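Rule-based calculations on the coordinates, nothing more; no lab input. The shown structure was predicted, so the numbers you read here are calculated from the model rather than taken from an experiment.
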Amino acid sequence: MNHQFHEVDRLAVRTRADIAAHIRVGRWDDEITHMLGVAPQDVAAVRRQTGIRPRTARKDRVLCSLEEALWGQVRHLADGHAQWLGDLDSYRQPIFLHDGRYHLARRLSYTLGHGREPAGRVVDGCEHPACIAHDHLLDESERVCLGAVLHTLFGPTTAAPTAVGLAVPPPMAGGPAA
Ligand SMILES: [Zn+2]
């Protein structure tokens, strides 16, 4: 039906991708509607496109790849954040189980997005508390590099490091030249 295709077309691309990712990890339609905050008919429309039926999808959950397992727990937001909907470990880090092993979601997102393994610990570099968007994450080398840039721009500071491991730049001394 043309009507159905039109319904799918008007969905934002990222929302469609999120729904498809959640279908691939074997979620029920009700679960997806609730987790992503989307309309049931939108989930049904994307499911028709994927050709994955709910009951076989649940059984096939273990067959999804590591990458699919990651994106099946994420909601992409309009402002570029990738909100983690899955579990957190005792350090409040996004974590998920795949094929009997736990994986750090930010570490995998970083590796996939940058095409390389992060150096050292990966931390969030944005204001969203549960974001795993690869371009919102910083590894050890980027933190050192950005710290040096800030030092050059603003000079040494005694301010406490922020959550992203960077010193807070002090306010600019004096007002703009008249
Ligand atoms: Zn973010």
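Through the Karplus equation 6.51 cos²θ - 1.76 cosθ + 1.60, θ set to phi - 60°, convert the phi angles of region 118-130 into ³J(HN,Hα) values in whole Hz; use x for Gly and Pro.
Going residue by residue, I get x, 8, x, 6, 9, 10, 6, x, 10, 7, 6, x, 10 Hz, with x marking Gly and Pro.
Using amide H atoms built in the peptide plane, which far-off residues or other-chain residues are under 5 Å from A133 H to H?
Answer set, sorted by chain and number: A82.
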